[in-house]
Amino acid sequence: MAVNTGIRGNVSEDVKKKCRQVLTYFIGPSTSYGHTIGRNLRLTEINVLGGEEGETVCEMEVSEDMCNVYGTLHGGCAAYLIDPCSVSSLVSLGFVTGRDGSGVSQSMNVIWHRPVLKGTRLRIISKTIFTDGRLRSASCEMRDKESNALYISAVHTTQAVSKRPSKL
């Protein structure tokens, strides 16, 4: 019998557990870059729609160590959070379809719509855009958990890791 993960959504508890393990792996051990921030990220929902679109929701509160001198979410921190959150949608779809959803970042386009103040409770919604072939892409939105106001939107493209050594 599967243990209840507390994660909402329409995928099995086994997929939810695996997705949470992958997110934890990408945040890394305490010596990894950003770990003290990433460890506060909570995966709260996973859905796969029509077997073609993965959607995940992560949540966290913006703390002082995530902010710049103006008391707003630092741009580098926003990009750091977008990375594992957007990849979580690709990985969740991969677990359901049997395809590898992992990869290395190729590009990330981030648009700031308004500043995110310290203390804001974020809801980070990620959806797969494209998953065929070597390139995979996902959209990501950082929204206010209470008001649903859009703060940041992004498109993150990853590339499958080649199994063959490169020829130089």
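The values are calculated or read from the model by the stated rules, or taken from the named source; none is laboratory data. These numbers were taken from a predicted model, which means no experiment stands behind them. Neighbour counts run over all protein chains shown; Cβ positions are idealised from the backbone, glycine included. When the accessible area is computed, the model is the full protein with side chains, heavy atoms only, and any ligands, DNA or RNA have been set aside. Shrake-Rupley method; radii C 1.70, N 1.55, O 1.52, S 1.80 Å.
Tabulated values for the structure
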| read-out | value |
| --- | --- |
| Shape call, the range 17-57: gyration tensor on alpha carbons, a/c limit 1.5 | prolate |
| Share, in percent, of DSSP beta bridges within the range 3-67 that are antiparallel, nearest 5 | 80 |
| Gaussian network model of the chain, springs between alpha carbon atoms under 10 Å - residue of Glu45, Glu146, Glu61 with greatest fluctuation | Glu146 |
| Pairs of Lys in the chain closer than 21 Å at Cα, counting only those 8 or more apart or on different chains | 5 |
| For the range 16-168: rounded, prolate or oblate by the Cα gyration tensor [a/c cutoff 1.5] | prolate |
| Relative contact order for the chain, counting Cα pairs under 8 Å that sit 6 or more residues apart, in percent | 20 |
| DSSP bridge orientation in the chain - percent antiparallel, rounded to nearest 5 | 95 |
| Solvent-accessible area, 1.4 Å probe, carbon plus sulfur percent, for the chain | 53 |
| On Cα atoms only, tilt of 13-27 relative to the major axis of the chain in degrees | 60 |
| Segments 97-104, 66-73 sorted - mean Cβ within 10 Å per residue, highest first | 66-73, 97-104 |
| Counted charge near Thr56, where neighbours are those whose Cβ lies closer than 9 Å (Asp, Glu -1; Lys, Arg +1) | -1 |
| Per-residue [θ]222 nm for the chain (sum of -39500 (n - 2.57) over DSSP H runs n ≥ 4, rounded to 500) | -8000 deg cm²/dmol |
| On Cα atoms only, tilt of 75-97 relative to the major axis of the chain in degrees | 30 |
| Total charge dipole magnitude, the range 1-143, about the Cα centre, Cβ charges on Lys, Arg, Asp, Glu only, Debye to nearest 20 | 140 |
| Accessible area in square angstrom per residue, the chain, 1.4 angstrom probe | 56 |
